[in-house]
Each structure stands twice: as structure tokens, then as C-alpha cells.
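Step one of this worksheet: look at the structure below.
The values are calculated or read from the model by the stated rules, or taken from the named source; none is laboratory data. Model, not experiment: these values are computed from the prediction. Quick reminder, even Gly has a Cβ in these numbers, built from the backbone with ideal geometry, and neighbours come from all protein chains shown.
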Amino acid sequence: MQPSDMSAVDLVTAVRHGDLTALRATEAFLERIERLDGQINAFLSVDREGALRTAAAIDEKRKKGQPLGPLAGLPVAVKDALCTFDQPTTCASKMLAGFRPPYDAEVVARLRAADAVIVGKTNMDEFAMGGSNENSAFGPVHNPWDLTRAPGGSSGGSAACVAADMAPVAIGSDTGGSIRQPAGLCGITGLKPTYGRVSRRGLVAFASSLDQIGPMARSAGDCALLLETIAGHDPGDATSLESPVPPYGADLDRPLEGVRIGRVPAHFGAGLCPEVAHAVEEAFAAFRAAGATIIDIDMPHADAGVATYYLIAPCEASSNLARYDGAHYGHRAEPGRLHPAEPGGHRAEPGKGSGASGGGFESALVEMYCRSRAEGFGPEVKRRIMLGTYALSAGYYDAYYAKALKVRRLIRQDYLDAFEKVDLIGGPVSATAAFKLGEKSGDPLAMYLVDLYTVCTNLAGVGGISFPCGFTKGGLPIGFQLQAPALAEPLLLRATDRYQHLTDWHRRRPAIAARPR
Amino acid sequence: MTATLTAAVPFTTVIGLEVHVQLQTRTKLFCGCATTFGAAPNTQVCPTCLGLPGSLPVMNRTAFELAVRAALALGCKIAPFTKWDRKNYFYPDLPKGYQISQFDLPFSSQGALEVVDPKGALTRNVRITRVHLEEDAGKSMHDETAGTGDTRIDLNRAGTPLCEIVSEPDLRSPQEARAWLNELKLLLVYLGVSDCNMQEGSLRVDANVNLHIPCDGGRIAKTPIVEIKNMNSFRSVERALVYESARQYEEWQATKAEMGKTPKQTRGWDDPAGVTRAQRHKEESSDYRYFPEPDLVPVTVSEEWLAATREAMGDPPSVLREALAATWKIPPYDADVLVNQGRELVSYFEDLAGRVGEGKVASNWMQQDVLRTLNERGGSIDDFPVRPAAVADIIGRVAKGDFDTSRAREIFAEVLASGRTVDDVVASMGIAAVDDDELISLCRELLAANPRVVADVQGGKEQAAAGLIGQAKKKNPNVNPGKVRAMCLELIRQM
């Protein structure tokens, strides 16, 4: 069996037992990246040398009988929103082109400590804003199932590289569906953990109260393996949860007898593609067959989710992205262009402190800010910065941001009420299978509605998982989503794993992933 | 324009102050970087205080505790629940593009601090609106030496914990404002909250001032409020307020402009020129788009923790003054002088007073000798070479009658200058007690040489005897002037 056909769980077992070297596993995936990524564009950078060096070091460790980490020899692709000290971290933005952080994100540090092999940084929507990966400054990712279609977003590169077997597992981040939606559109399994379960330190912030890092893989079992390494309290993230990390892989095969899964009839209203509706209903039937009880429930405020999300997320983003001003790092507009009318550039006023007046200096400064940000950010990022800035402005705050916070509390309460009646909530991940590249990119509102089924999970701060539950007649994967109460990741993973033992949707590979003859 | 008003003025000056103090923590408010003053630029920084992508803040608990200590001493209510907010604005010394501060739920509010004046000329209870915590920005240095007018940014200070103390407009004169600031500074230094060093920027003051002018028919005209910035000493604060009151009065006489018709004006104090100058209106920066900081969790304060903090914080100066006056039976004026010099000096005094046994004597020595020479020498009382034991030794010998107070001062000065022991100095200065025989023969000599004095005394002018003391000291520096006087009078009576 080729390393690229193996599950991550089998792969690390083979490396530990000496049946496979880390080097060979890494080479196999690097070879696939080289062969396939020209068509898919899932990676923004590939660290071939670093990956081979790490793999060789792991093999050396094993040879010397030194203890190996739980992910020893496992190639991992990391979304380019996570800081890596040895590779560029760009968030797919011109603003951060070539930026090298001086530190590793906590998740990256945990991966390295677990002896994982980081093969590269994956493409994404700029600053994780988007649901199609078309907002990357470095070109869109192509869906491995149909290269003319979008892989979803914003973790489109992470989803596509796993779907095309260019990496066995990947790290994504999910602010309003950015792990689950591309996982659904690319036919893989992606988990958004409970808010605070995984440290955000070193994740370039989009919307701090919603962002969460999670695993993306081909199966629930592989997600469990990865989550066990990256989850856990981090004293460097004040919002990180202190609750201990359970062994996520330990309980996967316990049957689903007695588990109650909620079904929201409103999910099946107008706008849901019939093929998707059919596959989702089939999945409910499979869960019933596996012993679960399906109960119809109501989420009364769910229809306000997108509106609420598109206030809270842009408000936080408008502030989080203020640091990209050209002053300290990242893109800065050419000084020569700053003051065409005033040769010599800006004039400083001596002896003035912070906020001091100084016409020449200040106007040159403001111009530098404006031009740097105008040049560095793409249109969707600018749109959201403007939305958020507006909604936080004096006179609008109460009508927009403050009201959105109130609705967020109502949505959270919906979940608390629902989880009195059921253990999980099931349903579609997105209304359609993968759409064509360019199909929605001209219509931001249509694009925002792509997040309909996923944003409430983030607003409520609970966990959600997405996995394939069928295919369209055109051969595109269809995703199913399960959501669970806070810290119920073991149940999310167990239910998904049980489903994946009954079905083989998650084993299907796109034609492009087939080995060359 | 006249910058000072000396005579009684035809208006009331209304002043509110905003004071920023840097907390005395080893590390910054939201990261582990050091807060040492004067380090090379940008050497005390990390991803968090540089605002690098992905960095997160974590609250420094010591900073919070120090701030609560200050608020408790100011009699503030401590909120059981407080949160952080982001204040958004762009400036190169603010690397995140926002400052983490507290907006609508500060950790404390509604306190008060009295203006203290032992002479009773100024007494005013000044209400505190709120005390909140925030992080400092970095420093922009506009450097023209390179010819290009570069601006250099030092982010060592970025993220340093600041406590902002906002008073109600309860102060009624520039002198009161200065006295109140002195008391506030003393309090914060006593509690170990801040070193309040204005030169290093550990304490910064902005003042809001306007005038209430009585008009015909009992109406009070209120001039537009002006915020004064850039004052780098308490003296500057007083001068700026004096100047600004006069300026506002002149402007009012010319324009009759009243409050509410124009936006609040900001004026900068130009210390060398002794004037305030209008600063540019910054309309665009007035909307800070405050919203709750999502990277930090709210802070809850328990009653137990508050009680422990209150227990550990020690006495504020106002309590110490009363305690000192009561324990050592010294006048309030003395207690005030001693307490205002800081906690270390009070300890020195208590040590000395304990040895001497008489508070007032010890207090006199503190004020006339220790403090005077300490001020001349500079430095801290803890490094002062003459320790309480030595001073007590000198005072004890005066009490025994070994020598008089002026001789004692010479000894004190010599001990201070030479670093030798009191015994050594006394011996080397040839100071020895003068026995009665010596004294009698000396006085007889003096009386024989001064028949005029003898005649005056016999004529009823006893004070004429004073003229003999100087001569006696010339003949023998060790004689006790009191004894010389008494002996001479006795001998004349016997004549």
C-alpha cells in the first residue's frame, strides 16, 4: 500500500513499528504535491527541504530508540493563517506577502513536538474571509473533484490537499464554517472544535470570538488523532479552556444506541438543492439504522444567524486588521508615491508625542496608511473592514453591533434549549455541492448565504463536524454536518466514525487523485 | 496678556484632572516583557506588544492588584465584574491599531481624595469619577537630524500598565490642583503602586478647566471647557492653570462665549514660553469605536480577594499622619512634614523617636538637621550616613548636659562629614564636660573684666548677662551657655 492511500492512524502506526520510514511517507506526499498542485493550487508554500530534514530526524530518533511523538512521521499541511517561524505566513494576502513570523503558533509548536512533519502552508481566502477560496491574492484553489469548481473556503487549500491525497491530514480554521464547508465540498471530514478547545495563539485573527482551529482529514479517526495533539489549555490564550483533553480515538467504536440526533425541519426549506436534501435525509436514515433516535427540533433564531455573523465578524475584523498599516511590517506603499506634490516625502514635527498635531507629518502618515491598505488588501477584506467600521461607529453601535450581540445570546440559548432534548444536531453543511469558480464571486450577498448552515455553530461557540454523505449525479461530494454541545467532541467524532463504518462515501477519491499508470 | 492674577479674581476656576500613572510592575500589562526605564529602543518587546499577527494578550495579575490597591485607597467602589475594551485609532506607536483599555465598565468608580494642607488654608474633598486600567502606547520620536525628518518608534513602553484616575471638576484653584496632585502622588508612592516619576513619564496629568463668572441678576456664565496637555511637572500644572484662567477670563470679556456652543478645545502648555496654545481639532479621532476586547476574558473580583488586597496594602498617608501625631504627640504640622517625605523617612523618624523617647525633640531634629542636610545632599534617607542611633546618642548627651544644642549640631555635621562615630567626633573636638570649679573661675574672670555688665545686672537688667556667653565660649568652647548665665547671675547676686 502506498503511504498516500493509508489513513493517518495507520501511517503513524507503520512508522512507529518500522514498517514505513517517515522519510518515505514524506517523499510520497511531496511527490504528489509536485505532480498535482500545479492544477489545484492548494499550497502557497511547500517546505520540501524542511519536511525531508524533519522526517530524516524522526527516522534517526527511532533508530536510536528514542521515544517518538504521537504523530511521528505524519505529514501535515497547515493553513497559511497559522504562524510558522520557518515558513512564510501570508494569510493569502498581498499585505503579508513574504512575511515570516518570529514565532510558531501554539498548534504548530504542538505538531512539531508530536513529531509531525509540516509539508507546507495551504491556500485560503484572504485573511480567512470567504467561502470559495477565490479571495486568495495568490489565485483560487481548484476543487479536486472538478477543477472548474470552487473547493469552498476559507480553508479551501487544506480541504483540497487532503481530498487529492497531497497530505493525509491538514489544519484549518473555522470562523463561520471555514473548515466544515470546504470539507463538505471536497468530500473530506473536518471538525470545528468548541471555542477555546484549541489555542488561537499564532492564528492570524479574523474574528477573535469566533475563530477556532481544527483538524481536516479523510475520516473521523484521523481527525481524532490530530485533535488529540492540538487540543488543550494554553496559558498564552486567555480564551483557551482549561478542561482536560480526553483520548479522542479511544471511544470511537461504541455504538450509537440511545444517542438522540436533532433534525431541524427549517433546514430543508427553499434554497436547499434537492440532491443535497436527499443525501442528508439518507444520512439521517443511516444514523437511525445505527441505533440513533432522530428528533425534529426547532432553532427559532437560526434565520438571524447570517445577519448576526456578518455584523460581529466584520466588527472584530475591522479592529483585528488595523495592525496591517504599513508602519511596522507587511506591505507598505512606495514612499515615492506618497507625496507627489511635496518632494522629499513627509515632514516631521520635532518634539511631538503620540497624537500630537503636525500637519505635514500627519497627512503623509495618513496617506501612507491609506495607500498601503488600499494596495495590500483585496476587495472582500476591504468590504468587511468597512462593514465593521461602520457598525462600530458612534450612532450605529447600538443598532448594529450591540443588537447583534443580543441576537447572538438568543442563538446560544437556542442551542442550550436544543441540547436539553437531543445530543447532536444534524443537517446539511451547505445548500449546494461545489459551485463553479466565478459563479458567485460577483455577488457578495449570495456568497454570504453559503454560510447559512454553519455560522450559528460559531456564534454559539459549540463544536461541529462535516463529512461526506453522498454525491450528486455530476459526481460532486455532498456534506453532512453534526453539531454538539460544548466539549462534546468525543461524541461528534464517535457518531461520524460509526457512520463511516456503515458507508464508504469518505473512501471515494477524485479521479485526479488516482495514481498515474 | 497678563499670565498671573494675584488679586482676588471675579470668577471661580473649575478644574478636573485626568492622571495617568504607570504601575510599578516588573512586566507589561499583557505580556512578559520588562518595563525597565531607559533600555535601548525596541529591546523590551515580543510578538504581543509588537502587535504581530496572531499574538494574544494575557492579563498581568499584579498590575490588576496594584490598580485595585490604588482604587481602594481612593475610596472607590470596586466592580465585582469588569471587562476590557478596544479603543481603535491609527498611530505608528500603537502597533495593533487599538489600545486595550476599559470603557463602560471600569474596574472601579466613585471615590474621593482630600486636598491636604496642615495650615488649613486649602481643604477640598475631590471626588474621583473612575479609575481604570489600560496599556500604554510606544514613543514616537520625530528626528530631523537625518535631514529627512524621520520618525523613530520605540515600542519598549508599548503595553506598559497605566492606571487612569479621573477626578470630578471639584478643584477650585490652580494651587488646590497642585496640592491635590502632591497628595495623590504621595498616596500612590506610599502604596507602592507607582514611582510617579514625571521625568520618566510614570505620571502624566491633563487638566480640564473653565470659569464660572457671576453676572448681573445672579446668573453664572460658564466659559467653554479647555483641556490642557503637555504639562511635565506639578509646577507646570499650576502655572498652566493660572495662565489659562486668566486667558479664559480675557476671552470671555471680549467674546462672552459660553460653554456648550463650541466643541471642547485642547491646548498644549508651552513651558518655556509660559503659555497654552490651541492644538488642532482632531474630529476624525473622536470616534474610537470602542467594543469589548474579544481576546480577553472579563475579570471577576471576589470579596475575599478584595479583603486580602486591602489587608496587604498598608496605611495611606492620611491615616499615617494621624497615627504619627497621636503616637508621638507631635503637632499635625510635624506629622504632615514627615509623612510627606515618604514612608522610609517615617520609619527613620519612628526609630529615632523610639530611642529618644520624646517625639517632639526627635521631630525637631528630623526637620532641622536630618531633612535639611538630606535635601542638600540629595539621595534617599535609607542611604543617609547618620543613622537614628547616632542622632539619638547626640540628643541624649544634650539632655545629660554634656553640651548644648548648637554644639550638638556641630557634632552632627562632623559625624555626617567624616563618617566617624559620635564618640570619636566628641573626643577629637576636645569636648569634655566643664566641672563646676572651672566654671566658677571662668565666670569670675568674666565678671572682673566686664564691670559694666555687672552694673547693668545689678541695676535690674538681667538680660545684659547674655553678653558674657559669647566671651565664655571663646575662652572655653565646651561651656554650657545656660550654666554660664546662671552662674554669672548667682555670682553677681553674691557680690
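How many residues are assigned to a helix (DSSP H, G or I) and either more than 10 Å from chain B (Cβ to nearest Cβ) or within 18 Å of A:G98 (Cβ to Cβ) (or both) when one looks only at region A:285-320? Lay out the reasoning, then the answer.
Going through region A:285-320, the residues assigned to a helix (DSSP H, G or I) turn out to be A:285-289, A:302-320.
Cutting the leftovers down to either more than 10 Å from chain B (Cβ to nearest Cβ) or within 18 Å of A:G98 (Cβ to Cβ) (or both) gives us A:285-289, A:302-311, A:313-314, A:317.
Residues flagged as assigned to a helix (DSSP H, G or I) and either more than 10 Å from chain B (Cβ to nearest Cβ) or within 18 Å of A:G98 (Cβ to Cβ) (or both) within region A:285-320 amount to 18.
Is it true that some residue in region B:318-326 is away from chain A (no Cβ under 14 Å), buried (at least 19 other Cβ atoms within 10 Å of the Cβ) and not small (G, A, S)? Yes - at least one qualifying residue is present in region B:318-326.
Counting only residues that are in contact with a Leu (Cβ under 6 Å, 6 or more places away or on another chain), at the interface with chain B (Cβ under 9 Å from one of its Cβ atoms) and charged (D, E, K, R), region A:359-404 holds 0 of them.
Looking at B:R61, B:R127, just one residue is closer than 30 Å to B:A40 by Cα and among the basic types (K, R), and that residue is B:R61.
Among the listed residues B:R409, B:R397, B:R372, identify the single one that is in a helix (DSSP H, G or I) and surrounded by 17 or more Cβ atoms within 10 Å (Cβ to Cβ). Break it down into steps so the answer makes sense when it comes.
Values: B:R409 fails: surrounded by 17 or more Cβ atoms within 10 Å (Cβ to Cβ); B:R372 fails: surrounded by 17 or more Cβ atoms within 10 Å (Cβ to Cβ).
Just one listed residue meets the conditions, B:R397.
Checking every residue in region A:137-151 against the condition of being among the polar types (S, T, N, Q) and either under 12 Å from A:S178 (Cβ atoms) or within 11 Å of the chain's Cα centre (by Cα) (or both) gives zero matches.
Applying the selection to region B:187-212, what residues are among the hydrophobic types (A, V, I, L, M, F, W, C) and free of Cβ contacts under 8 Å to residues at least 40 places away in the same chain?
First, pick out the residues of region B:187-212 that are among the hydrophobic types (A, V, I, L, M, F, W, C): B:187-189, B:191, B:193, B:196, B:198, B:203, B:205, B:207, B:209, B:211.
If the condition is that a residue be among the hydrophobic types (A, V, I, L, M, F, W, C) and free of Cβ contacts under 8 Å to residues at least 40 places away in the same chain, then B:M198 is the only one that fits.
Scanning region B:33-70 for residues that are out of contact with any helix residue (DSSP H, G or I) (no Cβ under 6 Å at 6 or more places or on another chain), part of a loop (DSSP other than H, G, I, E, B) and hydrophobic (A, V, I, L, M, F, W, C) gives B:F37, B:A39, B:A40, B:V45, B:C46, B:L52, B:L56, B:V58, B:M59.
Taking the options B:Y243, B:Y290, name whichever one is farther than 30 Å from B:A79 by Cβ, at pLDDT 95 or above and among the aromatic types (F, W, Y).
On the way: B:Y290 fails: farther than 30 Å from B:A79 by Cβ.
On inspection, the qualifying residue turns out to be B:Y243.
With in the same structural domain as B:T123 (by TED's automatic domain parsing), modelled with pLDDT of 90 or more and within 30 Å of B:V346 (Cβ to Cβ) as the only criterion, which of B:N208, B:N232, B:N197 stands out? Let's see the steps before the verdict.
Details: B:N208 fails: within 30 Å of B:V346 (Cβ to Cβ); B:N232 fails: modelled with pLDDT of 90 or more.
Result of the check over B:N208, B:N232, B:N197: B:N197.
Just to verify a result, which residue in region B:26-82, among those that are aromatic (F, W, Y) and in contact with a strand residue (DSSP E or B) (Cβ under 8 Å, 6 or more places away or on another chain), is surrounded by the fewest Cβ atoms within 10 Å (Cβ to Cβ)?
Kept after step one, since they are aromatic (F, W, Y), are these residues of region B:26-82: B:30, B:37, B:64, B:81.
Narrowing the set further to residues that are in contact with a strand residue (DSSP E or B) (Cβ under 8 Å, 6 or more places away or on another chain) leaves B:30, B:64, B:81.
On the way: B:F30: 24, B:F64: 20, B:F81: 10.
Among them, the one singled out is B:F81.
Candidates A:V78, A:V107, A:V117: the one that is more than 12 Å from the chain's Cα centre (by Cα), within 27 Å of A:L20 (Cα to Cα), buried (at least 24 other Cβ atoms within 10 Å of the Cβ) and within 14 Å of another protein chain (Cβ to nearest Cβ) is A:V107. All conditions but one from (1) under 24 Å from B:M198 (Cα atoms); (2) within 14 Å of chain A (Cβ to nearest Cβ); (3) among the aliphatic types (A, V, I, L, M) apply to B:L17; the one that does not is (2). Against the definition (loosely packed, with under 15 Cβ neighbours inside 10 Å and of a type in the set (V, I, T)), how does A:I230 come out, yes or no? No. In the set A:A277, A:A285, only one residue is closer than 19 Å to A:F471 by Cα and under 25 Å from the mean Cα position of the chain (by Cα); that residue is A:A277. Here B:D402 clears all of (1) surrounded by 14 or more Cβ atoms within 10 Å (Cβ to Cβ); (2) within 30 Å of B:L491 (Cα to Cα); (3) touching a Pro at 6+ places or on another chain (Cβ under 9 Å) except the condition numbered (3).
Table: residues versus (1) buried (at least 17 other Cβ atoms within 10 Å of the Cβ); (2) touching a Cys at 6+ places or on another chain (Cβ under 9 Å); (3) β-branched (V, I, T).
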{"position": "B:P451", "(1), (2), (3)": "no, no, no"}
{"position": "B:G459", "(1), (2), (3)": "no, no, no"}
{"position": "B:E462", "(1), (2), (3)": "no, no, no"}
{"position": "B:A465", "(1), (2), (3)": "yes, yes, no"}
{"position": "B:I469", "(1), (2), (3)": "yes, yes, yes"}
{"position": "B:G482", "(1), (2), (3)": "no, no, no"}
{"position": "B:A486", "(1), (2), (3)": "no, no, no"}
{"position": "B:I492", "(1), (2), (3)": "yes, no, yes"}
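Within region A:28-70, if we keep just the residues that are within 25 Å of the chain's Cα centre (by Cα) and part of a loop (DSSP other than H, G, I, E, B), the residue that is farthest from A:L111 (Cα to Cα) turns out to be A:N41. Applying the set (1) in contact with a helix residue (DSSP H, G or I) (Cβ under 9 Å, 6 or more places away or on another chain); (2) closer than 30 Å to B:L191 by Cβ; (3) within 13 Å of chain A (Cβ to nearest Cβ) to B:R289 leaves exactly one unmet item: (2).
Can you tell me which residue among A:V78, A:V119, A:V108 is closer than 17 Å to A:T175 by Cα and not in a loop (DSSP other than H, G, I, E, B)? That would be A:V78, the only listed residue that is closer than 17 Å to A:T175 by Cα and not in a loop (DSSP other than H, G, I, E, B).
Using the structure shown, decide if B:T276 is within 30 Å of A:G388 (Cα to Cα), touching a Phe, Trp or Tyr at 6+ places or on another chain (Cβ under 8 Å) and of a type in the set (S, T, N, Q). It would help to see each step written out before you state the result.
Numbers: within 30 Å of A:G388 (Cα to Cα): no; touching a Phe, Trp or Tyr at 6+ places or on another chain (Cβ under 8 Å): yes; of a type in the set (S, T, N, Q): yes.
For B:T276, the condition - within 30 Å of A:G388 (Cα to Cα), touching a Phe, Trp or Tyr at 6+ places or on another chain (Cβ under 8 Å) and of a type in the set (S, T, N, Q) - is not met.
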